Structures are given as C-alpha cells and as structure tokens.
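Novice: The structure follows.
The values are calculated or read from the model by the stated rules, or taken from the named source; none is laboratory data. What you see is a predicted model, and the numbers here were worked out from it, not measured in a lab. Cβ: placed from backbone, ideal geometry, glycine included. Neighbour counts: every protein chain shown. With ligands, DNA and RNA removed, areas are computed over all heavy atoms of the protein, side chains included. Shrake-Rupley method; radii C 1.70, N 1.55, O 1.52, S 1.80 Å.
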Amino acid sequence: MELPSLRRLFTGDIFMSSTEVMDKCATKTITNIDHKVRDAQIELLYKQTYTGLVGALIVALAACVIFMQVVPQWKLGLWAGIIAIQTLVRAMIVLAFKRRDSLKSDIDRWAKLHVTGVFVSGLVWGIPFAFLWPAAHPVYQMIWPIIIIPISAASVAAYYTWAPSYISFLILTALPMSLRLFFEGGSLFYILGFLCLFFIAILLRAANVMHAASKHAFEIGIRNQALNEDLNVGISKREQLNARLQEEIAERKLAENEIRKLSKVFLDGTNPSLIEDLNGNILEMNDEALNIYGFSREELVGKSIKLLAPEKNHKKIDELIKLCMDGKLVRDVEGLQRKKNGVEIPVLMTLSLLIDEDKKPFGIASIASDITGQKNIEKELIKSKAAAESANATKDKFFKIISHDLRSPFNSIIGFSNLLNTQYDSFDDEERKEFIGKMNISSIYAYDLLDNLLTWARTQTDEIKITKEKLNLYNLVEASVSTYLLNADSKNISIVNQVQDELIISIDENTALTFIRNIMSNAIKFTPEGGRITIDSQLTKDCVELHITDTGVGMSPKTIDNLFQIGKGISTDGTNCEKGTGLGLILCKEFIERNGGSISVKSEVNKGSEFIISLPLGSD
C-alpha cells in the first residue's frame with residue numbers, strides 16, 4: 001500500500017479541485033458576446049427571408065392579375081419576370097447560407113450579401129410607381145398603396161434583426177409610393193402621401209424597438225448557454241474526480257494503526273471529513289469539519305453523525321450507512337447538513353467502509369463537499385431562463401397588438417378615402433363631412449395606440465428614467481384634472497378634488513401626471529352624463545392612498561382580472577362612444593410600480609369604479 005494514495009483519500013485534495021471547478025464556473029467571463037449576438041441575428045434573418053420571398057412572389061403575381069386590364073401586359077410580364085429571377089437568386093443565396101460551414105463562414109460577408117439582395121428587391125418593388133402606374137384609373141391607383149404597405153410592414157417583421165436590411169427595403173418601397181402620391185396632386189393624394197410618410201416613421205421606430213428587444217433576448221440566451229456549458233464542464237470534471245476517488249477508496253485494506261499514522265494528513269483536509277464506527281458514532285474529524293459545522297471536538301466525539309443533519313434527513317443517513325455496510329460505494333449523494341447555529345448547507349456526501357487487515361469492517365469514512373456555489377449557479381440559470389421566457393412572451397404580445405389592432409384604423413381610413421375618391425359626386429356635403437370625421441377619429445385612434453405602444457416599449461428597454469422629487473399631491477391632482485375639465489363639462493360630469501393639500505410624496509413628476517391623467521380620462525370616458533368623479537386621499541403609516549372614484553358603468557370581475565395585462569386587456573367604447581387603446585392602464589401600472597407604488601381596483605357593474613393608488617410619502 002502506497003502512502004500517497006491514502007493521503008489523497010483523507011486530505012480532501014480531490015474535493016478541493018472540484019471546488020475550484022465550481023469557482024471558475026461561477027466567475028468565468030463570457031467573451032465575444034457581440035459577435036455571437038450578430039451571428040444569431042444573421043441566422044434568424046436568413047431563416048425568415050425564405051418565407052418572405054415566397055410571400056412577395058405570390059403578391060407580385062396577384063398584382064399582375066389585378067392590373068393586367070389597365071397596365072400594358074408586356075410591362076407587367078417584364079416586372080414579374082424580374083421579381084421571379086431576383087426571388088430565385090435570393091432563394092439560392094438562402095440555401096447556400098444554410099449549407100455553409102459555420103466554423104469557416106464569414107458572417108459579415110453573408111450580412112452584406114443579404115443587404116444587397118434586399119436593396120435590389122426594394123428597387124424592383126419601387127418600379128410600379130414609375131412604370132406600372134395606372135395614370136387614368138384612380139381606383140387602381142389606390143390599390144398599389146394597399147399592396148405596398150403590407151409588403152413594407154412584412155419586411156420589418158422579417159428583417160427586424162438586421163437594421164440595414166429593413167431600413168433599405170422600407171425606404172425603397174414606401175418612399176417612392178409617397179412621392180408618387182404627392183406627384184398625382186389633389187387633397188386626397190396629399191393626405192395619403194403624408195400618411196405613407198407617417199407610416200414609414202412608425203415602422204422605423206417599431207423596427208428599432210423590435211431590434212433592441214431581439215438583441216436583448218439573444219444576449220440573455222447566449223449568456224444562459226455559456227453558463228450551461230460552464231456548469232456541464234464543472235459536472236464533467238467532478239465526475240472524473242469522483243471516478244478517481246472511487247479508485248482510491250477501492251484500496252480499502254487499511255488498518256486502524258495506519259489511519260492514525262495518517263491522522264495529521266487527514267486533519268489538514270480542505271473538506272469536512274469524519275470517521276465513524278459501524279453504528280454511526282463519530283470517532284474522529286478534521287479541523288475543516290470543526291470550522292464548517294461550528295462544534296468543538298468534545299461536542300462531536302462519541303455523538304451520532306445525525307447531529308450534523310436536519311431531522312428530516314435522519315432516515316436517509318440510516319439508509320446510506322446500511323448501503324455502506326453492504327459493501328456498496330456511496331458516492332456523491334446529495335443531501336443537507338446542519339451547522340451548530342441551525343443553518344443548513346447543501347453537500348455531496350461520499351461514504352466508504354473501512355476494512356482492517358483481516359478484511360473485517362471497523363468503521364466508515366465520510367467526506368462532504370459543499371455545493372452551495374453550484375446551487376447558486378443553478379438558481380441564477382433558472383432566473384435567467386425565466387427572464388428570457390418573459391421577454392419573449394412580452395415581445396410576442398407586442399407583435400400581436402401591432403398586427404391586429406393597428407390594422408383596423410388604417411382599413412377604415414383607406415376604405416372611406418377610397419369611397420370619396422371613387423364616388424365623390426354621389427355624396428352630399430354632410431356625408432362627406434361624416435366620412436372625413438370618421439377618418440379623423442381613426443387617425444387619432446391609430447396615433448394614440450402607437451404612442452402608447454412606443455411609450456410601453458420604452459419602459460421595457462429602460463429608456464424612461466424615474467427621477468423622484470418631493471411634490472405636493474394636491475397640486476399634482478389639480479394639474480391633471482385641469483387637462484380634462486372641458487371633456488367633463490361636455491358630459492356635465494362634476495370633478496371634486498378632496499385631496500389633503502399638505503401631503504408631500506416622493507415621486508417622478510412626468511410619470512405621475514401621466515398615470516393620474518390616464519385614470520381620470522378613463523373615469524370620464526365610462527361615466528354617463530350628469531355623473532360625478534371624486535378624488536380623495538387617505539394617509540397610512542408609510543404611504544398615502546389616492547382614491548379616484550366614479551359613478552360610471554363599472555366592471556365585471558373578469559374584466560378587472562385582465563385590466564393590467566398586455567394582450568388581454570379589452571378596449572371598450574365609452575358612454576359617448578369614446579375610443580380607447582387598451583394600453584393606458586397597463587402604462588399606469590408600470591409607472592406606478594416604477595415609482596415604488598401599487599394600484600388596485602374595486603368595481604361593480606352599473607355601480608361605478610374606484611382606483612386605489614398607494615404612493616410612498618416624501619421623507620423629511
């Protein structure tokens with residue numbers, strides 16, 4: 001028997017290496033994060049390009065069928081041929097990208113190639129406004145914007161991970177459309193031209209937000225992957241170390257006198273190590289065990305090993321001792337141990353039966369490895385995964401609102417403008433004013449929805465900063481109420497501010513005005529004529545509650561449950577058919593919570609609603 005082998009069994013050198021692996025796993029720096037994010041962005045860009053090419057080709061063929069009666073067929077055929085060729089070429093590039101060797105591929109070259117393809121595609125889709133324009137057919141002129149606007153929006157949804165691609169395609173398609181509408185002249189075309197420019201600006205801003213959100217999601221995913229790889233490396237090395245430990249423990253022909261000779265080495269180990277008799281009573285321990293558990297040597301010697309385990313683990317200790325007595329190696333069993341002060345620590349336990357020269361068992365050697373660091377890493381991984389899933393879910397809800405709610409007002413605007421364009425003389429002045437009024441309402445609704453969407457998106461990317469200051473709550477409410485006095489007067493609604501005029505709160509002024517105005521606007525919207533809105537305050541120990549109560553239509557419990565959830569909130573018309581976006585209260589909750597407050601709602605159908613906002617008091 002070689003003494004170095006026995007020394008390694010009791011010194012804890014093996015477990016020291018395992019601890020070093022976990023330390024490296026927890027502190028390793030993730031390098032080249034920007035390069036990896038760019039690779040992931042280009043991968044997703046090419047993945048989404050293939051579907052976009054097929055869709056664009058189908059739309060082009062449909063356009064040829066629609067315009068074949070008003071545009072020379074040879075022009076349509078030539079244009080369709082160009083689209084088919086560039087679609088085939090770009091599809092071949094996508095196929096080549098999928099079959100590339102990712103280890104040797106220059107991702108920047110593929111990115112530039114994609115931008116070039118998008119640029120050519122944008123030029124091809126800009127051709128209709130110069131060479132395929134049905135000059136003598138106003139009705140058909142309105143069809144081109146209807147075709148191009150969804151194509152432009154689809155390009156943003158497909159290419160949002162790479163800014164040069166979606167910017168170039170959007171400018172080369174939507175901008176020529178606006179210029180053509182201005183060139184045609186006339187009030188209607190000027191309006192549509194400005195709407196197209198407005199649409200370009202909206203899409204560019206939305207694409208920027210989507211790009212930032214996707215980049216953030218990619219970064220989280222890459223960091224999680226790196227942490228998983230580090231953890232797997234640590235686990236793999238631990239398994240190798242455990243295999244080495246098993247080989248060492250296999251040399252079990254130890255006599256009691258040999259153990260005593262090596263007691264100094266045993267006592268100097270860096271992991272808690274114990275020697276117990278066959279009944280589980282402690283015979284010896286090293287200094288690290290005393291340091292970790294907090295007991296003195298006198299308090300441990302002769303005591304059961306269960307003293308170092310929570311009561312819920314006592315049965316497990318008996319099972320491990322029985323396995324060891326049966327000659328089986330107990331290796332890396334996860335469990336809990338307890339310090340003298342009651343603090344529990346997670347460990348991996350290894351037990352081995354000690355046999356003398358006559359091959360008779362006389363004791364049990366146990367070594368514990370603290371895995372608190374590994375458990376903390378696992379918790380961080382779970383937390384990061386939850387954050388990534390939340391970000392993706394939020395992004396999906398954001399896209400759903402854009403694709404569904406944003407389409408409706410534009411359909412209304414295009415529909416009424418098309419009626420005025422094609423049947424202008426068949427309507428009298430009152431009917432025209434009615435159409436124009438509805439177009440105006442739809443435009444305002446679209447603007448409000450986009451403004452709320454962009455404000456909400458800014459809160460998700462931490463662009464809105466909260467700067468708290470001491471403000472008078474009564475003055476804040478007065479400033480907010482003054483904005484809606486005309487709206488309230490038009491419905492003969494009385495607004496009563498009963499807030500105590502001496503209350504000082506710590507809050508950001510801009511976001512506070514935003515959420516108070518929004519809740520006031522909702523109260524006016526859902527309160528019938530002749531109703532009443534009361535604003536008062538209640539002071540508690542460390543905060544002030546602002547109560548905004550109306551005598552409106554009230555809400556059902558189901559509506560209240562979905563009130564502050566994006567994608568679930570339902571926008572309903574007010575008592576005078578006022579329109580809403582369904583995002584206002586979501587922004588209110590976001591701003592209130594970022595100011596350290598909370599919001600709750602009490603309401604009954606046909607009995608009104610009460611919004612309760614808890615805000616922190618200003619400290620002296």
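Novice: In the range 184-204, is there at least one residue being farther than 30 Å from L420 by Cβ and modelled with pLDDT of 75 or more?
Specialist: no
Novice: Quick one: is D501 at pLDDT 85 or above, closer than 30 Å to T534 by Cβ and touching a helix residue (DSSP H, G or I) at 6+ places or on another chain (Cβ under 9 Å)?
Specialist: Here the answer is yes, as D501 does meet what is asked.
Novice: So, one more: Take the residues in the range 44-72 that are open to solvent by 60 Å² or more (accessible area, probe 1.4 Å) and among the aliphatic types (A, V, I, L, M), then tell me which one is nearest to the chain's Cα centre (by Cα).
Specialist: V54
Novice: (1) open to solvent by 30 Å² or more (accessible area, probe 1.4 Å); (2) touching a strand residue (DSSP E or B) at 6+ places or on another chain (Cβ under 8 Å); (3) assigned to a loop (DSSP other than H, G, I, E, B); (4) at pLDDT 85 or above: which one isn't true of G530, the others all being true?
Specialist: So the condition that G530 fails would be (2).
Novice: I've got another one for you. Condition (residue is in contact with a Gly (Cβ under 9 Å, 6 or more places away or on another chain) and aliphatic (A, V, I, L, M)) applied to the range 73-85: is it met by at least one residue?
Specialist: No, there is no match, as no residue in the range 73-85 is in contact with a Gly (Cβ under 9 Å, 6 or more places away or on another chain) and aliphatic (A, V, I, L, M).
Novice: Report, by residue number, each residue of the range 286-313 that is on the phi > 0 side of the Ramachandran plot and touching a strand residue (DSSP E or B) at 6+ places or on another chain (Cβ under 9 Å).
Specialist: Across the range 286-313, the qualifying residue is only G302.
Novice: Quick check: is even one residue across the range 56-72 in a helix (DSSP H, G or I), modelled with pLDDT of 70 or more and within 22 Å of K215 (Cβ to Cβ)?
Specialist: Among the residues of the range 56-72, not one is in a helix (DSSP H, G or I), modelled with pLDDT of 70 or more and within 22 Å of K215 (Cβ to Cβ), which makes the answer no.
Novice: Moving on to the next point. Restricting the search to the range 487-517, which residues are open to solvent by 30 Å² or more (accessible area, probe 1.4 Å) and not in a strand (DSSP E or B)?
Specialist: N487, D489, S490, N492, Q500, D501, E502, E509, N510, T514, R517 - these are the residues of the range 487-517 that are open to solvent by 30 Å² or more (accessible area, probe 1.4 Å) and not in a strand (DSSP E or B).
Novice: Here is a follow-up. Give the range 127-183 a look and list any residue that's over 37 Å from the mean Cα position of the chain (by Cα), in a helix (DSSP H, G or I) and aliphatic (A, V, I, L, M), or say none.
Specialist: Answer for the range 127-183, where residues must be over 37 Å from the mean Cα position of the chain (by Cα), in a helix (DSSP H, G or I) and aliphatic (A, V, I, L, M): A130, V139, M142, I143, L179, L181.
Novice: Which of the following residues is modelled with pLDDT of 80 or more and either in contact with a Ser or Thr (Cβ under 9 Å, 6 or more places away or on another chain) or acidic (D, E) (or both): Q48, Q86?
Specialist: The conditions single out Q86.
Novice: Return yes when I220 is farther than 21 Å from T116 by Cβ, touching a residue at least 60 places away in the same chain (Cβ under 8 Å) and open to solvent by less than 40 Å² (accessible area, probe 1.4 Å) and no when it is not.
Specialist: Details: farther than 21 Å from T116 by Cβ: yes; touching a residue at least 60 places away in the same chain (Cβ under 8 Å): yes; open to solvent by less than 40 Å² (accessible area, probe 1.4 Å): yes.
When the stated conditions are applied, I220 passes them.
Novice: Could you check, for the range 128-147, whether at least one of its residues is more than 30 Å from G77 (Cβ to Cβ), open to solvent by 40 Å² or more (accessible area, probe 1.4 Å) and modelled with pLDDT under 75?
Specialist: no
Novice: Would you check which residues across the range 420-449 are at pLDDT below 80 and either open to solvent by 60 Å² or more (accessible area, probe 1.4 Å) or not in a helix (DSSP H, G or I) (or both) and list them?
Specialist: K438, N440, I441, I444, Y447, D448
Novice: Does the range 167-187 contain any residue that is touching a residue at least 60 places away in the same chain (Cβ under 8 Å) and out of contact with any Lys or Arg (no Cβ under 6 Å at 6 or more places or on another chain)?
Specialist: no
Novice: Hey, another quick one. When you go through (1) open to solvent by 30 Å² or more (accessible area, probe 1.4 Å); (2) closer than 20 Å to L585 by Cβ one by one for M520, which number turns out not to apply?
Specialist: (1)
Novice: Looking at (1) closer than 23 Å to D332 by Cβ; (2) at pLDDT 80 or above; (3) touching a helix residue (DSSP H, G or I) at 6+ places or on another chain (Cβ under 8 Å), which is the one condition that is false for S296?
Specialist: (1)
Residue-by-condition table, conditions (1) modelled with pLDDT under 65; (2) surrounded by 17 or more Cβ atoms within 10 Å (Cβ to Cβ):
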{"residue": "E545", "(1), (2)": "no, no"}
{"residue": "K558", "(1), (2)": "no, no"}
{"residue": "G567", "(1), (2)": "yes, no"}
{"residue": "G582", "(1), (2)": "yes, yes"}
{"residue": "I586", "(1), (2)": "no, yes"}
{"residue": "G596", "(1), (2)": "no, no"}
{"residue": "S600", "(1), (2)": "no, no"}
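Novice: Something else about it: Within the range 289-314, how many residues turn out to be open to solvent by 60 Å² or more (accessible area, probe 1.4 Å) and under 43 Å from the mean Cα position of the chain (by Cα)?
Specialist: Selection size over the range 289-314: 2.
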